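First the structure, in the form of structure tokens, and then the observations on it.
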Amino acid sequence: MKVSISKSSIKGKVKAPSSKSYTLRALMCAALADGESELVHPLSADDTEAAQNVLTKIGVGIGRQADSWLVNGGHFHQPDGDLYCADSAGTLRFMTAICSVVPGKSRLTAGPSLSKRPVKPLIEALKQLGVQCSATGNIAPVIIEGGKFKGGITSLPGNVSSQFVSALLLAAPLAEDSVRINLTPPLESRPYILMTLDCMQKFGVQVESSPDLLKYIVGRQTYTPVKYIIEGDWSSASYFLALGAVAGEVEVENLDPHSRQGDKAMLDLLKSMGADVTIDRDSITVKKSALKAVKADLSDCIDLLPTMAVLAAVADGVSEFTGIARARLKESNRVTAVREGLENMGINVAEGEEKLTVTGSRPQGSLIDSKGDHRIAMAFSILGTVAGDTLIDDAECVSKTFPAYWEELRRLGGAVNGDE
């Protein structure tokens, strides 16, 4: 579907959807716990649907209520057929490790976008722990022979994907012996690992970690069923916070200013650009402001690259974003997708392997190829409200993490029309 966006005057209040990252982690912990857990305020989106579908095929019971899921875990059986992870990288990577304790053979498959993303470092790390597993080169499908998770010592690079580390941590308590994980620096996306450790702790599992998060020791333990409340998503909220800064005034509710989520960095980045930001107990208000250029290392909040790039497009001066190489391994090559989109809108952009430079100006309406990437589609919708005459292709891709996005944008005053 295509969505057209005209110049808009934005004002209103919106509730941030629940965190995708915490919903996925809580689902995995609840699946590993013997008994019934309740997940309160879970996110219903493509990625979390993929996780639920895979978990039910290995014996996890999931009952849906109005605003909670009841998850009965702890008893796995061999899946009857492939475990299709759609385009959810978290589901594929977390389940690659978890399937090491599932009886029999599991075969994890992926959608077209995810099929291009790496999984080999995780496979190699699991092999060091006695798990029999394999992949097709560097990518899915992944085959795991369950029931042989011996434990021991393993190592892997810390700068490819924090999901590899989280996957090992999630499964490690169920290994026959204790697990030691050593990461090769540099470590990127530290907040996501902290989120995993936080979630595991809520389910009764303790992990010893070094202060630099490069070394971990996980003893054999059991997950305990709990009632787990899922907080709002700073990644999804970032689009509305940016929207307020360029097109009017937006109050975003359901946000924890003390969250461990890495994309909470959006607050400091907005402030450094001169945005008018007000922080309340559980909401953030951003008003239209004269923005100035910024230099920022995004290695711990890489999903903010598209949002920050479109803000830089209307800021005074030259902005520079570093620590962005991993953004090429997401649902699209986000570095190139951002550059192409901004250039189409008349913005001067320089792309390097580890750096993106954006010179602020007056964007012009254009056709934007979202590359089927939810974060590209949502980010460029922000710029569309400023430039007008903007057409976003494959706009339905927002359902991956934020199915109600276009509806919420309209409700705030966004002049949005689509061929839905």
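Quick one: in segment 166-194, which of the residues that are out of contact with any helix residue (DSSP H, G or I) (no Cβ under 6 Å at 6 or more places or on another chain) and either among the charged types (D, E, K, R) or in a helix (DSSP H, G or I) (or both) is nearest to R260 (Cα to Cα)? Write out each step before concluding.
Going residue by residue through segment 166-194, those that are out of contact with any helix residue (DSSP H, G or I) (no Cβ under 6 Å at 6 or more places or on another chain) are 172-173, 175-178, 180, 182-188, 190, 194.
Now drop any that are not either among the charged types (D, E, K, R) or in a helix (DSSP H, G or I) (or both), which leaves 172-173, 176-177, 180, 188, 190, 194.
Working: A172: 22, P173: 22, E176: 31, D177: 30, R180: 24, E188: 15, R190: 10, L194: 7 Å.
Once the filter is applied, the top-ranked residue is L194.
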Is it true that some residue in segment 29-52 is in contact with a helix residue (DSSP H, G or I) (Cβ under 6 Å, 6 or more places away or on another chain), under 22 Å from P173 (Cα atoms) and of a type outside the set (A, V, I, L, M, F, W, C)?
yes
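Results for (1) of a type in the set (S, T, N, Q); (2) closer than 24 Å to N159 by Cβ, shown as yes or no for each residue.
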{"residue": "D297", "(1), (2)": "no, yes"}
{"residue": "L305", "(1), (2)": "no, yes"}
{"residue": "E320", "(1), (2)": "no, yes"}
{"residue": "T336", "(1), (2)": "yes, yes"}
{"residue": "E351", "(1), (2)": "no, yes"}
{"residue": "G365", "(1), (2)": "no, no"}
{"residue": "G372", "(1), (2)": "no, no"}
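Mind listing whichever residues of segment 52-79 are of a type in the set (V, I, T) and farther than 19 Å from Y223 by Cα?
V54
With the structure loaded, tell me whether A325 is under 27 Å from E396 (Cα atoms) and at pLDDT below 95 or whether it fails that test.
On the way: under 27 Å from E396 (Cα atoms): yes; at pLDDT below 95: yes.
Yes.
Results for (1) buried (at least 22 other Cβ atoms within 10 Å of the Cβ); (2) among the small types (G, A, S), shown as yes or no for each residue.
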position	(1), (2)
S155	no, yes
F164	yes, no
I181	yes, no
T196	yes, no
K202	no, no
K215	no, no
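Among the residues that make up segment 348-359, is at least one of them of a type in the set (S, T, Y), in contact (Cβ under 8 Å) with a residue 12 or more places away in the chain and surrounded by 24 or more Cβ atoms within 10 Å (Cβ to Cβ)?
The initial filter retains those residues of segment 348-359 that are of a type in the set (S, T, Y), namely 357, 359.
From what's left, in contact (Cβ under 8 Å) with a residue 12 or more places away in the chain: 357, 359.
Still in the running and surrounded by 24 or more Cβ atoms within 10 Å (Cβ to Cβ): none.
Scanning segment 348-359 turns up no residue that is of a type in the set (S, T, Y), in contact (Cβ under 8 Å) with a residue 12 or more places away in the chain and surrounded by 24 or more Cβ atoms within 10 Å (Cβ to Cβ).
Being of a type outside the set (A, V, I, L, M), at pLDDT 95 or above and more than 20 Å from the chain's Cα centre (by Cα) is the requirement here; does E320 meet it?
yes
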Which numbered condition in (1) touching a Ser or Thr at 6+ places or on another chain (Cβ under 8 Å); (2) crowded, with 23+ Cβ neighbours inside 10 Å is the only one that Y22 fails?
(1)
Could you grab me the full set of residues in segment 90-107 that are under 21 Å from the mean Cα position of the chain (by Cα), of a type in the set (A, V, I, L, M, F, W, C) and over 24 Å from K371 (Cβ atoms)?
F94, M95, A97, I98
Just checking, how many residues over segment 75-87 are surrounded by fewer than 18 Cβ atoms within 10 Å (Cβ to Cβ) and among the small types (G, A, S)?
1
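Name the residues in segment 113-122 that are buried (at least 24 other Cβ atoms within 10 Å of the Cβ) and part of a loop (DSSP other than H, G, I, E, B), would you? Explain how you work it out, then say what you get.
Looking only at segment 113-122, we keep the residues that are buried (at least 24 other Cβ atoms within 10 Å of the Cβ), and these are 119, 122.
Correct list: V119 only.
Return yes when A296 is of a type in the set (G, A, S), surrounded by fewer than 24 Cβ atoms within 10 Å (Cβ to Cβ) and either in contact with a Phe, Trp or Tyr (Cβ under 9 Å, 6 or more places away or on another chain) or at pLDDT 95 or above (or both) and no when it is not. Can you show your working first?
Working: of a type in the set (G, A, S): yes; surrounded by fewer than 24 Cβ atoms within 10 Å (Cβ to Cβ): yes; either in contact with a Phe, Trp or Tyr (Cβ under 9 Å, 6 or more places away or on another chain) or at pLDDT 95 or above (or both): yes.
Yes; evaluated as a whole, the condition is true for this residue.
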Do we find a residue being surrounded by fewer than 19 Cβ atoms within 10 Å (Cβ to Cβ) and within 29 Å of S399 (Cβ to Cβ) anywhere in segment 123-136?
yes
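The values are calculated or read from the model by the stated rules, or taken from the named source; none is laboratory data. Just so it is clear, the structure is predicted and the values come from calculations on it, not from any experiment. Every residue, glycine as well, gets a Cβ built from its backbone with ideal geometry; the counts of neighbours run over all protein chains shown.
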